[in-house]
Each structure stands twice: as structure tokens, then as C-alpha cells.
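Bear in mind these aren't lab numbers, they're just calculated from the coordinates by the rules spelled out. Computed from a predicted structure; not experimentally measured. Methodologically, a virtual Cβ is constructed for each residue, glycine included, from the backbone with ideal geometry; neighbour enumeration extends over all protein chains shown.
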Amino acid sequence: MPEKAVLAGINEQIGKEFAAAYLYLAMAAYFERNNLPGFAHWMRMQHQEETGHALRLFDYLLDRGAPVELDEIPKPPAKFKSPLDVLERAFSHEEKVTASINHLYELAVKSKDYPTQIQLQWFIAEQVEEEKMFSELVARVRMAGDSGSALFFVDRELAGRATQEPG
Ligand code: FEO
């Protein structure tokens with residue numbers, strides 16, 4: 001079983017992944033209400049992906065015979081200024097998640113918890129992908145600026161993001 005600090009960190013990380021899922025669901029609602037169904041779909045898929053991340057750690061703790069302690073999930077914002085505001089906030093959220101995963105990895109190294117290190121290596125690689133994906137999207141929406149037609153074009157493309165099962 002992971003030692004105390006690592007265990008607490010993984011339980012907290014489960015909460016943070018669910019918090020990301022909840023945040024992206026709030027963002028999906030914003031896009032839906034603002035006539036951007038492709039962005040809304042994309043955020044819903046991201047909601048599922050984050051739920052998958054949370055469940056991955058949840059299952060990992062159970063596999064190690066460790067206790068799961070679910071945390072409270074903070075209320076996400078209900079209002080956003082613009083599509084760019086949403087995506088900038090999402091990107092900044094991902095940077096926080098990356099920092100949290102890296103910190104957790106340091107704890108696992110300190111406690112010589114090799115299975116947790118291997119588990120977290122998957123998350124470290126995943127965060128590289130997630131940050132890249134969000135930063136590219138921020139750049140594209142920034143480039144679209146006030147052009148409704150450019151945003152519409154991005155929206156149509158995002159509508160094609162594949163549906164996936166959590167996990
Ligand atoms: Fe699970 Fe997007 O971090």
C-alpha cells in the first residue's frame with residue numbers, strides 16, 4: 001500500500017481530476033448556450049476523459065488494497081466572458097494539474113514507491129498531450145479573434161472529436 005503522504009496525494013488527485021471533469025462540463029454548457037455545438041461536444045468529451053483519469057487512479061488505489069477517500073468537488077464557474085476566456089481558463093487549469101502530478105511523482109520517488117511512479121508516468125505523458133491540445137486550441141481561437149466565420153470553422157472541426165468511454 002502507498003505510504004501516508006502518497007496515499008493522501010493520490011486521493012487528492014482523484015478529486016482534482018473530477019474537478020477538471022466538472023469544470024469542463026460547465027464549459028460545455030457555456031458553449032452549447034452560445035451556439036457553438038462543436039466546442040460543446042469537444043468539452044463534453046474532455047469531461048469524459050477527465051472522469052477516466054479520476055477512475056484510473058481510483059482503480060489503482062483499489063488494486064493496491066488502499067483506501068479511497070473521495071474529496072469534495074468545487075463548484076465550477078457558471079459564467080465566462082468569451083470562448084477565448086473559457087479556453088484560457090481550461091489551459092491554465094491543465095497547467096495546475098501538471099504541477100500537481102509532478103509534485104505527486106516527487107513524493108512517490110521520495111518514498112521509493114515504484115508502482116505509483118509507473119502509474120504516474122502515464123499521467124506525466126498524458127499532461128504533455130493535454131497541454132499541447134489546449135494551447136493549440138487557445139491559439140486558434142485567439143487567431144479567429146472577432147471573426148464569427150473563423151470560429152464557426154473551428155467549431156465544425158471540433159464537432160468531429162471521437163466519442164470515447166471513460167477510462
Ligand atoms: Fe486529467 Fe486534463 O488532466
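The table that follows gives values for the structure above.
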| quantity | calculated |
| --- | --- |
| Within the chain, helix-based [θ] at 222 nm, where runs of 4 or more DSSP H residues each add -39,500 (n - 2.57), nearest 500 | -27000 deg cm²/dmol |
| Loop-located GluC sites (Glu not before Pro) in the stretch 1-72 whose Cβ has at most 12 other Cβ within 10 Å (DSSP) | Glu72 |
| The chain: radius of gyration over Cα atoms, expressed as a fraction of 2.2 N^0.38 Å | 1.11 |
| Residues Thr51, Thr116, Thr163 arranged by fewest to most Cβ contacts within 10 Å | Thr163, Thr51, Thr116 |
| Per DSSP, loop trypsin sites (Lys or Arg not before Pro) in the stretch 1-71 with at most 14 further Cβ within 10 Å | none |
| Ranked list, fewest to most other Cβ atoms within 10 Å of each Cβ, for Phe152, Phe91 | Phe152, Phe91 |
| Interchain or long-range residues, amide H under 5 Å from Arg64's placed H | none |
| Trypsin sites (Lys or Arg not before Pro) within the stretch 66-139: DSSP coil, no more than 12 neighbouring Cβ in 10 Å | Lys79, Lys81, Lys112 |
| Links that overshoot a 24 Å alpha carbon limit, given the list Lys4/Lys110; Lys4/Lys75; Lys112/Lys132; Lys96/Lys132; Lys110/Lys132 | Lys4/Lys75; Lys112/Lys132; Lys110/Lys132 |
| Residues listed by number, the stretch 103-135, amide nitrogen under 13 Å from Asp71 label point at 7 Å toward C-beta | 103-104 |
| Burial ordering of Ile10, Ile118, fewest other beta-carbon atoms within 10 Å first | Ile118, Ile10 |
| Length-normalised contact order for the chain - Cα pairs under 8 Å, 6+ apart - percent | 35 percent |
